[in-house]
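The values are calculated or read from the model by the stated rules, or taken from the named source; none is laboratory data. What you see is a predicted model; the values in this text were computed from it and never measured. Methodologically, a virtual Cβ is constructed for each residue, glycine included, from the backbone with ideal geometry; neighbour enumeration extends over all protein chains shown.
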Amino acid sequence: MVKHVHLIVLAAGLALSANSLHAAIINEFTMISLGDYNSGGTEVEGSAFVGGDTVGQVIVGTNSPFIQAGDTSLAVVGNIGNGATDNSSGNFVFNDTTTVNGAINNGPGGSTLTNANLEDVRTSAANELLSTSSYLAGLTANSTASFTAGPPGPVIFDVFAISANPNGVAVFNIPAGARIDQIQSIQFNNAAAASAIVINVSDEIVNFTANVVGSELNDEAFKAKTIWNYHQATSVRLGTSVPGATLAPLAAITIAASTEGAVFGATVTQSGGEIHGPNFAPNISPTAVPEPSSTLLLGLAIIGACGVSYRRRRSS
């Protein structure tokens, strides 16, 4: 009878998280890799969701104000390749079939839990990232990016016409062929006027090497409200520090320099660069929905609190 009650609560917990994904998935995690994740031995200064296997030692939660006691600091659907370390008070949540290689080091008060439904959560997360990226790509531009006569050169993003959008969202559309990879520097004007900034980039292959000038790189509010949406990209390389979140649900993302925002991709590889955050803050979703009363992290926490034991396995 007790086991039956636990199963009911598990299902309820998953339902809560699934309903919340539509608004909260990009707000709740600092890094999401729908497939495999290669840490390169560098850290995510926040929480991470990995839909595949991990390669290299995973380090999460360092200097992170986004993770509270009971939150999920790391969720992994596949296998753990070389251990994981948490520098926060959050919990690890692994699939019940996860094979763990290497040491698992929880932070103060943190636990390691299992969730047999993580594959369903991954499917919901993938659908949400794809629908959000498509939705953002379809927004009408109300602000302009001024390129020089020919690359390489600077680009100035001018935020204007915000009064035409009741939510104060500034939208930029950079067409395919604009060669964002050849931009020397980027400057934003009037960024404080927007509650959120969406930059849609249509190139399929992106190598971001531009230097961001001005105060934005050190402006936490700017970084938390800005999202770069590479909605058609299959490969994105961040070669310089990028302020704001990176959304590329179809792409293999390579972090070659520490990025100043959240990262969401098909796969994520850290190649010398850390993921610093902050988490993406605005509630931008394909449909107008209120802020959810329970988030994915709460759903995972409910599942973990139901007494499901963690089973450690090692490869032979």
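Is at least one residue of region 164-175 under 22 Å from residue 276 (Cα atoms), at pLDDT 80 or above and crowded, with 16+ Cβ neighbours inside 10 Å? Give the steps one after another, and end with the answer.
Here is the first cut: in region 164-175, the ones under 22 Å from residue 276 (Cα atoms) are none.
Looking through region 164-175, none of the residues is under 22 Å from residue 276 (Cα atoms), at pLDDT 80 or above and crowded, with 16+ Cβ neighbours inside 10 Å.
Take region 91-135 and flag every residue that is in contact (Cβ under 8 Å) with a residue 60 or more places away in the chain and aliphatic (A, V, I, L, M).
The answer is 93, 100, 104, 113, 116, 121, 125, 126, 129, 130.
Can you confirm whether residue 44 is assigned by TED's automatic domain parsing to the domain that holds residue 114 and more than 23 Å from residue 116 (Cα to Cα)? Before you say what the answer is, go through the steps one by one.
Working: assigned by TED's automatic domain parsing to the domain that holds residue 114: yes; more than 23 Å from residue 116 (Cα to Cα): yes.
So residue 44 fits the description; yes.
Answer yes if at least one residue in region 142-154 is within 21 Å of residue 232 (Cα to Cα), touching a Phe, Trp or Tyr at 6+ places or on another chain (Cβ under 8 Å), modelled with pLDDT of 75 or more and among the hydrophobic types (A, V, I, L, M, F, W, C), and no otherwise.
Checking region 142-154: at least one residue is within 21 Å of residue 232 (Cα to Cα), touching a Phe, Trp or Tyr at 6+ places or on another chain (Cβ under 8 Å), modelled with pLDDT of 75 or more and among the hydrophobic types (A, V, I, L, M, F, W, C).
Within region 57-94, restricting attention to residues that are under 18 Å from residue 267 (Cβ atoms) and not hydrophobic (A, V, I, L, M, F, W, C), which residue is surrounded by the fewest Cβ atoms within 10 Å (Cβ to Cβ)?
Here the residue is 82.
Checking the conditions here, which among 284, 255, 275 is within 19 Å of residue 174 (Cβ to Cβ) and either modelled with pLDDT of 95 or more or in contact with a Leu (Cβ under 8 Å, 6 or more places away or on another chain) (or both)?
Working: 255 fails: within 19 Å of residue 174 (Cβ to Cβ); 275 fails: within 19 Å of residue 174 (Cβ to Cβ).
Only one candidate qualifies: 284.
Name every residue in region 184-207 that is assigned to a strand (DSSP E or B) and in contact with a Phe, Trp or Tyr (Cβ under 8 Å, 6 or more places away or on another chain), in order of residue number. Spell out how you get there, then give the answer.
Of all residues in region 184-207, those assigned to a strand (DSSP E or B) come to 184-189, 196-201, 205-207.
Listed by number, the residues that qualify are 186, 187, 188, 189, 197, 198, 199, 200, 201, 206.
Got a number for residues in region 238-252 being modelled with pLDDT of 95 or more and surrounded by fewer than 21 Cβ atoms within 10 Å (Cβ to Cβ)?
The total comes to 2.
Just one of 65, 108 is more than 18 Å from the chain's Cα centre (by Cα) and assigned to a loop (DSSP other than H, G, I, E, B); which is it?
Values: 65 fails: more than 18 Å from the chain's Cα centre (by Cα).
Every option except 108 fails the conditions.
Kindly indicate which of 41, 52, 35 is assigned to a loop (DSSP other than H, G, I, E, B), modelled with pLDDT under 95 and either over 23 Å from residue 198 (Cβ atoms) or more than 11 Å from the chain's Cα centre (by Cα) (or both). It would help to see each step written out before you state the result.
Numbers: 52 fails: modelled with pLDDT under 95; 35 fails: modelled with pLDDT under 95.
It is 41.
Quick check on region 201-224: of everything there that is β-branched (Val, Ile, Thr) and surrounded by 16 or more Cβ atoms within 10 Å (Cβ to Cβ), which residue is modelled with the lowest pLDDT? Give the derivation first.
Start the filter on region 201-224 by keeping residues that are β-branched (Val, Ile, Thr), which leaves 201, 205-206, 209, 212-213.
So of that shortlist, the ones also surrounded by 16 or more Cβ atoms within 10 Å (Cβ to Cβ) come out as 201, 206, 209, 212.
On the way: 201: 94, 206: 93, 209: 84, 212: 76.
Among those that are β-branched (Val, Ile, Thr) and surrounded by 16 or more Cβ atoms within 10 Å (Cβ to Cβ), it is 212.
At pLDDT below 95 and under 18 Å from the mean Cα position of the chain (by Cα), is that true of residue 22?
Numbers: at pLDDT below 95: yes; under 18 Å from the mean Cα position of the chain (by Cα): yes.
For residue 22, the condition - at pLDDT below 95 and under 18 Å from the mean Cα position of the chain (by Cα) - is met.
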